Amino acid sequence: MRRWTGRVATALAASVLIAPLVVLVLGGASRAWFFPDAWPDLTLDGFREVGGRPATVDALITGAVIGVAVTVLTLVVAWPTARVLARSSGPVVGVIFAVLLIPSVVPQVSLATGVTSLLLRFGWSGGQGSVVLAHLVPTIPYGVAVLTAVFVRHDDRIEQQARVLGASPWQVFWMVTRPMVWSGLAVAGVLCFLVSWSQYLLTLLVGEGQVVTITMLVATASAGGNPTTIGVTATLAAIPAVLAVVAAGSALVERE
Amino acid sequence: MRRPGRTARSLVALGPVLVVCGGLTVGALALMVTESLGVGEPSGLVNPGIDAYRSVVGADGFVEALAFSMWVAVAGTLLALAGAVTVAWLWTTRPGRLHRVGLGVLHVNLSIPHIVWAVALAATFSQSGWLSRLVVLVGLTDASADFPVVVRDSFGIGIIAHIVTKELPFITIALLPLAGRRAAPLLRQGAVLGASPMQRLRTIFLPTLAPALFPAAMVSFAFALGAFEPGWVLGASTPRTLAVVILERFRDADLVRRSEAQALSVILLSIVFFVAALGWRRTRRWIVSTS
């Protein structure tokens with residue numbers, strides 16, 4: 001009995017977390033889905049029409065380009081920091097982690113208005129580059145945290161052995177370090193991409209409305225109230241996120 | 001001779017992160033404070049001083065917005081905490097094959113952008129949403145108006161639902177490593193020694209999770225208090241969350257409004273730091289002794 005109670009509770013909780021996403025997909029795959037119909041007449045017309053609009057395609061590409069740029073920059077910047085933090089201890093490490101924790105404990109809207117004001121002062125707002133720079137504020141802490149956890153378990157004596165045996169720094173990185181930290185690097189990369197891809201407020205304010213990503217189209221569609229447009233844009237915004245999690249999960253399973 | 005070289009290399013390694021992340025964050029916070037005080041603004045447009053604070057605190061609806069923001073943030077965070085602890089407890093004490101699927105569901109939910117999730121909740125739980133249609137289908141109601149208002153309602157139920165459903169996965173995932181590695185063996189020992197489930201929960205499980213529980217709760221509270229999307233999509237036109245008010249004022253062409261937005265941001269930030277300091281004082285002993 002208790003086992004069944006647990007299973008029912010788990011199924012119910014999972015339904016609450018999954019059902020709204022199913023409703024979005026159904027909304028996108030519907031046309032004139034009127035109340036009180038619980039199930040729409042399914043059609044892909046909405047996905048073809050809304051998904052095929054140049055504005056939608058541009059928003060997807062813009063979000064992806066910004067996400068990839070943010071991910072690469074975050075990993076490049078976080079890598080050396082994580083290696084140092086992984087083998088250090090003491091108050092300096094605490095201070096650095098405290099600095100990295102600030103973006104997580106500052107209310108999102110406060111951080112967004114502050115960063116926007118700062119970039120405005122420097123004349124750096126309104127372009128994709130400035131949005132990339134702004135997204136680094138929330139992504140770098142994640143990148144450093146995940147990579148530090150990776151390097152804490154990393155045995156750098158193997159790299160030293162490779163160096164002793166005559167490998168160049170690049171060979172050590174590519175043939176020794178990279179395979180050893182690959183799964184952790186993938187998780188960090190996926191996480192940073194998702195954080196960037198999901199940003200709405202920072203993109204809206206720093207981009208001054210000129211940088212349009214898919215999350216901004218979702219907001220516009222939400223204000224418009226057309227269920228098909230809402231469903232299509234929201235589904236498109238959610239798909240890469242879901243795929244990224246599946247990919248990261250696969251990388252970890254392969255590692256296991 | 002080796003040590004200075006290593007220190008220098010460490011500084012070079014840490015520099016970019018501190019400059020980009022630390023510099024932007026600290027700079028943003030500093031500017032937020034100075035702009036709220038009207039310092040550094042073009043002369044004559046905004047007077048230096050606490051005018052912006054006087055203006056926002058005295059404005060109609062400030063107390064309501066503050067109380068409403070605190071209500072949804074506290075209720076959302078506490079419910080998410082309770083849910084996450086329950087899930088972690090169930091998964092730790094009753095291992096099963098479903099957990100991997102459940103973990104996948106949590107990760108998928110966590111990866112969904114907030115604006116998408118808010119829109120999804122609105123499409124599901126509004127009066128003309130999917131749940132309302134299912135209720136009509138089974139004959140419990142006849143029209144959309146018969147379904148209770150849980151989205152864009154004056155109690156913030158929709159916003160709280162957003163906070164709970166997004167933060168529960170985050171807190172659960174933060175708790176699971178400690179629950180599995182540290183709490184599980186201790187719970188087994190407790191059971192062997194005859195401790196009741198409630199004793200195991202209170203004296204073993206919760207103290208063991210403390211190092212992850214309280215930081216996760218603080219991050220969740222900060223998110224809940226400052227998140228814009230839930231209040232904008234799922235909130236009523238009145239009362240509004242402070243985050244929605246801040247954004248509205250920040251985007252106003254009037255520079256005075258922008259100073260007011262920054263003043264509200266400083267107030268919001270102060271609340272988070274105050275709650276964080278309180279939480280840290282109360283939990284420091286646990287966190288230090290168990291981490």
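Looking at region A:192-211, is at least one residue surrounded by 13 or more Cβ atoms within 10 Å (Cβ to Cβ), part of a helix (DSSP H, G or I) and among the acidic types (Asp, Glu)?
Looking only at region A:192-211, we keep the residues that are surrounded by 13 or more Cβ atoms within 10 Å (Cβ to Cβ), and these are A:192-208, A:211.
The next check asks that each one be part of a helix (DSSP H, G or I); those that pass are A:192-198, A:201-206.
Checking which are among the acidic types (Asp, Glu) leaves us with none.
Within region A:192-211 (the criterion being surrounded by 13 or more Cβ atoms within 10 Å (Cβ to Cβ), part of a helix (DSSP H, G or I) and among the acidic types (Asp, Glu)), the answer is no, since none of the residues qualifies.
Do you know which residues across region B:257-287 are out of contact with any Gly (no Cβ under 8 Å at 6 or more places or on another chain) and of a type in the set (Ser, Thr, Tyr)?
Those that are out of contact with any Gly (no Cβ under 8 Å at 6 or more places or on another chain) and of a type in the set (Ser, Thr, Tyr): B:Ser270, B:Thr283.
If you check A:Thr229, A:Thr215, which single one turns out to be in contact (Cβ under 8 Å) with a residue 24 or more places away in the chain, at the interface with chain B (Cβ under 10 Å from one of its Cβ atoms) and either part of a helix (DSSP H, G or I) or more than 30 Å from A:Pro107 (Cβ to Cβ) (or both)?
On the way: A:Thr229 fails: at the interface with chain B (Cβ under 10 Å from one of its Cβ atoms).
Answer to the check: A:Thr215.
If you check B:Ser237 against the conditions, is it part of a helix (DSSP H, G or I), at pLDDT 85 or above and among the hydroxyl-bearing types (Ser, Thr, Tyr)? Lay out the reasoning, then the answer.
On the way: part of a helix (DSSP H, G or I): no; at pLDDT 85 or above: yes; among the hydroxyl-bearing types (Ser, Thr, Tyr): yes.
Criteria not met by B:Ser237.
Could you grab me the full set of residues in region A:99-136 that are more than 10 Å from chain B (Cβ to nearest Cβ) and either in a helix (DSSP H, G or I) or among the basic types (Lys, Arg) (or both)? Explain how you work it out, then say what you get.
Residues of region A:99-136 that are more than 10 Å from chain B (Cβ to nearest Cβ), as a first pass: A:123-132, A:135.
The answer is A:Gln128, A:Gly129, A:Ser130, A:Val131, A:Val132, A:His135.
For region A:10-24: of the residues being among the β-branched types (Val, Ile, Thr) and surrounded by 19 or more Cβ atoms within 10 Å (Cβ to Cβ), which is nearest to B:Trp130 (Cα to Cα)? Can you show your working first?
Of all residues in region A:10-24, those among the β-branched types (Val, Ile, Thr) come to A:10, A:16, A:18, A:22-23.
Subset that is surrounded by 19 or more Cβ atoms within 10 Å (Cβ to Cβ): A:10, A:23.
Values: A:Thr10: 21, A:Val23: 7 Å.
Here the answer is A:Val23.
Tell me which residues, restricted to region B:229-241, are surrounded by fewer than 24 Cβ atoms within 10 Å (Cβ to Cβ) and not small (Gly, Ala, Ser).
We begin by selecting, within region B:229-241, every residue surrounded by fewer than 24 Cβ atoms within 10 Å (Cβ to Cβ); these are B:232, B:236-240.
Passing the criteria: B:Trp232, B:Thr238, B:Pro239, B:Arg240.
Can you find, within region B:83-98, the residue that is farthest from the chain's Cα centre (by Cα) among those that are without any contact (Cβ under 8 Å) to a residue 12 or more places away in the chain and within 15 Å of B:Leu206 (Cβ to Cβ)? Walk me through it before giving the result.
At the first step, the residues of region B:83-98 found to be without any contact (Cβ under 8 Å) to a residue 12 or more places away in the chain are B:86, B:90, B:94-98.
With the extra rule that they be within 15 Å of B:Leu206 (Cβ to Cβ), the set shrinks to B:86, B:90.
Numbers: B:Thr86: 19, B:Leu90: 23 Å.
If we take residues in region B:83-98 being without any contact (Cβ under 8 Å) to a residue 12 or more places away in the chain and within 15 Å of B:Leu206 (Cβ to Cβ), then B:Leu90 is farthest from the chain's Cα centre (by Cα).
Mind telling me which of the residues B:Trp232, B:Trp280 ends up being more than 9 Å from chain A (Cβ to nearest Cβ), over 25 Å from B:Gly38 (Cα atoms), assigned to a helix (DSSP H, G or I) and not aliphatic (A, V, I, L, M)? Write out each step before concluding.
Values: B:Trp232 fails: more than 9 Å from chain A (Cβ to nearest Cβ).
After ruling out the rest, the residue left standing is B:Trp280.
Answer yes if at least one residue in region A:153-166 is in contact with a Gly (Cβ under 9 Å, 6 or more places away or on another chain) and at negative phi, and no otherwise.
Within region A:153-166, the subset in contact with a Gly (Cβ under 9 Å, 6 or more places away or on another chain) is A:153-154.
When the remaining residues are screened for being at negative phi, the result is A:153-154.
Within region A:153-166, one or more residues are in contact with a Gly (Cβ under 9 Å, 6 or more places away or on another chain) and at negative phi.
Would you mind stating whether B:Val138 is within 10 Å of another protein chain (Cβ to nearest Cβ) and at pLDDT 95 or above? Give the steps one after another, and end with the answer.
Details: within 10 Å of another protein chain (Cβ to nearest Cβ): yes; at pLDDT 95 or above: no.
So B:Val138 fails the test.
Which condition number does B:Ser154 fail, the rest of (1) among the polar types (S, T, N, Q); (2) surrounded by fewer than 20 Cβ atoms within 10 Å (Cβ to Cβ); (3) more than 21 Å from B:Leu225 (Cβ to Cβ) being met?
Against the list (1) among the polar types (S, T, N, Q); (2) surrounded by fewer than 20 Cβ atoms within 10 Å (Cβ to Cβ); (3) more than 21 Å from B:Leu225 (Cβ to Cβ), B:Ser154 comes up short only on (3).
For region B:242-260, which residues satisfy the criterion of being surrounded by 22 or more Cβ atoms within 10 Å (Cβ to Cβ), among the β-branched types (Val, Ile, Thr) and under 16 Å from B:Glu35 (Cβ atoms)?
Across region B:242-260, the qualifying residue is only B:Ile246.
Any idea how many residues of region B:198-229 are within 14 Å of another protein chain (Cβ to nearest Cβ), modelled with pLDDT of 90 or more and either under 19 Å from B:Ile171 (Cβ atoms) or not in a loop (DSSP other than H, G, I, E, B) (or both)? Break it down stepwise before answering.
Step one: filter region B:198-229 for residues within 14 Å of another protein chain (Cβ to nearest Cβ), giving B:211-212, B:214-229.
When the remaining residues are screened for being modelled with pLDDT of 90 or more, the result is B:216-229.
Narrowing the set further to residues that are either under 19 Å from B:Ile171 (Cβ atoms) or not in a loop (DSSP other than H, G, I, E, B) (or both) leaves B:216-227, B:229.
Of the residues in that region, 13 qualify.
State which residue is nearest to the other protein chains (Cβ to nearest Cβ) when the search covers only region A:75-98 and only residues that are aliphatic (A, V, I, L, M) and free of Cβ contacts under 8 Å to residues at least 24 places away in the same chain. So that I can check it myself, show each step before the final result.
Within region A:75-98, the first condition is being aliphatic (A, V, I, L, M), and the residues that meet it are A:75-78, A:82, A:84-86, A:92-93, A:95-96, A:98.
From what is left, the residues that are free of Cβ contacts under 8 Å to residues at least 24 places away in the same chain are A:76, A:84, A:92-93, A:95-96, A:98.
Details: A:Val76: 8, A:Val84: 5, A:Val92: 9, A:Val93: 10, A:Val95: 10, A:Ile96: 6, A:Ala98: 10 Å.
Of everything passing the filter in region A:75-98, A:Val84 is nearest to the other protein chains (Cβ to nearest Cβ).
Which one of these is without any contact (Cβ under 8 Å) to a residue 24 or more places away in the chain and surrounded by 20 or more Cβ atoms within 10 Å (Cβ to Cβ): B:Val72, B:Val17, B:Val26?
Values: B:Val72 fails: without any contact (Cβ under 8 Å) to a residue 24 or more places away in the chain; B:Val26 fails: surrounded by 20 or more Cβ atoms within 10 Å (Cβ to Cβ).
Going through B:Val72, B:Val17, B:Val26 in turn, just one is without any contact (Cβ under 8 Å) to a residue 24 or more places away in the chain and surrounded by 20 or more Cβ atoms within 10 Å (Cβ to Cβ): B:Val17.
Look through B:Thr86, B:Thr25, B:Thr77 and report the one residue that is closer than 22 Å to A:Pro107 by Cβ and facing chain A (nearest Cβ under 9 Å). Quick ask: steps written out before the conclusion?
On the way: B:Thr86 fails: closer than 22 Å to A:Pro107 by Cβ; B:Thr77 fails: facing chain A (nearest Cβ under 9 Å).
Within the list B:Thr86, B:Thr25, B:Thr77, the selection yields B:Thr25.
With loosely packed, with under 15 Cβ neighbours inside 10 Å and either touching a Pro at 6+ places or on another chain (Cβ under 8 Å) or closer than 30 Å to B:Ala82 by Cβ (or both) as the only criterion, which of A:Trp4, A:Trp33 stands out?
Numbers: A:Trp33 fails: loosely packed, with under 15 Cβ neighbours inside 10 Å.
After applying the criteria, what remains is A:Trp4.
Checking A:Ile96 against (1) within 27 Å of the chain's Cα centre (by Cα); (2) surrounded by fewer than 20 Cβ atoms within 10 Å (Cβ to Cβ), which test does it fail?
Unmet condition: (2).
Tell me the residue from A:Arg48, A:Arg7 that is part of a helix (DSSP H, G or I) and more than 26 Å from B:Thr165 (Cβ to Cβ), please. I'd like the intermediate steps shown before the answer.
Values: A:Arg7 fails: more than 26 Å from B:Thr165 (Cβ to Cβ).
Checking each option against the conditions leaves just A:Arg48.
The values are calculated or read from the model by the stated rules, or taken from the named source; none is laboratory data. Here the structure is a predicted model, which means the values were calculated and not measured. Backbone-built Cβ (ideal geometry, glycine too); neighbour counts: all protein chains shown.
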